[in-house]
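I have placed the structure first, in the form of structure tokens, so that the comments after it can refer back to it.
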């Protein structure tokens, strides 16, 4: 069974996807300043997961174009929705086996960035990704409301069945 925070990450991902059901490519690419467009948000989450789970912790960057397209600090763009969903699906599929290996000791390991002065733990990265998903889930909902979409999810879904509270274990 994966660590409880991995379950929460997967739930945050599922709610992110749920909030985007029925979204068209033109609407996903529409930008309402100062926000980015929804397709950018999707690619940006793929970029972050790749950066943390694949690049930083495993030395792999299977979709390097995400760094320039939707990485932090890059110029705004409006990428195609299908392309961003494909990138997101590819990255999340590649990260899932690794995430399943993260135990409490592994989540607490101290890692160094390239400058060898900045440290991080996988556990802190995991929390950052979960919170980042919730941020963009809310932003995407706001964008869809501005676009005039109706029948959108109004609140967190069925967390009690899909990602209930579960205490950490010692492994």
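The values are calculated or read from the model by the stated rules, or taken from the named source; none is laboratory data. All values derive from a computational prediction rather than experimental measurement. All Cβ positions, even for glycine, are placed from backbone atoms using ideal geometry, and neighbour counts span all protein chains on display.
The helices (runs of 4 or more DSSP H) located wholly in segment 94-171 that include 2 or more residues which are exposed (fewer than 11 other Cβ atoms within 10 Å of the Cβ), out of contact with any helix residue (DSSP H, G or I) (no Cβ under 7 Å at 6 or more places or on another chain) and modelled with pLDDT under 95 occupy 159-162. When residues of segment 30-39 are filtered for being in contact with a helix residue (DSSP H, G or I) (Cβ under 9 Å, 6 or more places away or on another chain) and either outside any helix (DSSP H, G or I) or farther than 14 Å from residue 147 by Cβ (or both), how many remain? Here the count works out to 6. Do we find a residue being at pLDDT 95 or above, under 30 Å from residue 114 (Cβ atoms) and surrounded by 15 or more Cβ atoms within 10 Å (Cβ to Cβ) anywhere in segment 18-35? Looking through segment 18-35, none of the residues is at pLDDT 95 or above, under 30 Å from residue 114 (Cβ atoms) and surrounded by 15 or more Cβ atoms within 10 Å (Cβ to Cβ).
Go through segment 62-71 and give me each residue that's assigned to a loop (DSSP other than H, G, I, E, B) and within 19 Å of residue 118 (Cβ to Cβ). Result: 71, single match.
Within segment 121-134, the set of residues being without any contact (Cβ under 8 Å) to a residue 40 or more places away in the chain and in contact with a strand residue (DSSP E or B) (Cβ under 8 Å, 6 or more places away or on another chain) comprises just one member, 121.
Quick grid of which residues meet (1) part of a loop (DSSP other than H, G, I, E, B); (2) in contact (Cβ under 8 Å) with a residue 12 or more places away in the chain:
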| site | (1), (2) |
| --- | --- |
| 2 | yes, yes |
| 26 | no, no |
| 41 | no, yes |
| 52 | no, yes |
| 56 | no, yes |
| 73 | yes, no |
| 84 | no, yes |
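Kindly indicate whether residue 78 is touching a residue at least 24 places away in the same chain (Cβ under 8 Å), assigned to a loop (DSSP other than H, G, I, E, B) and touching a helix residue (DSSP H, G or I) at 6+ places or on another chain (Cβ under 7 Å). Here the answer is yes, as residue 78 does meet what is asked.
In segment 5-16, the residues that are at negative phi and surrounded by 19 or more Cβ atoms within 10 Å (Cβ to Cβ) reach residues that are assigned to a helix (DSSP H, G or I) and at pLDDT below 95 with C-beta atoms within less than 8 angstrom, at least six apart or across chains, in these pairs: 11/159; 11/162.
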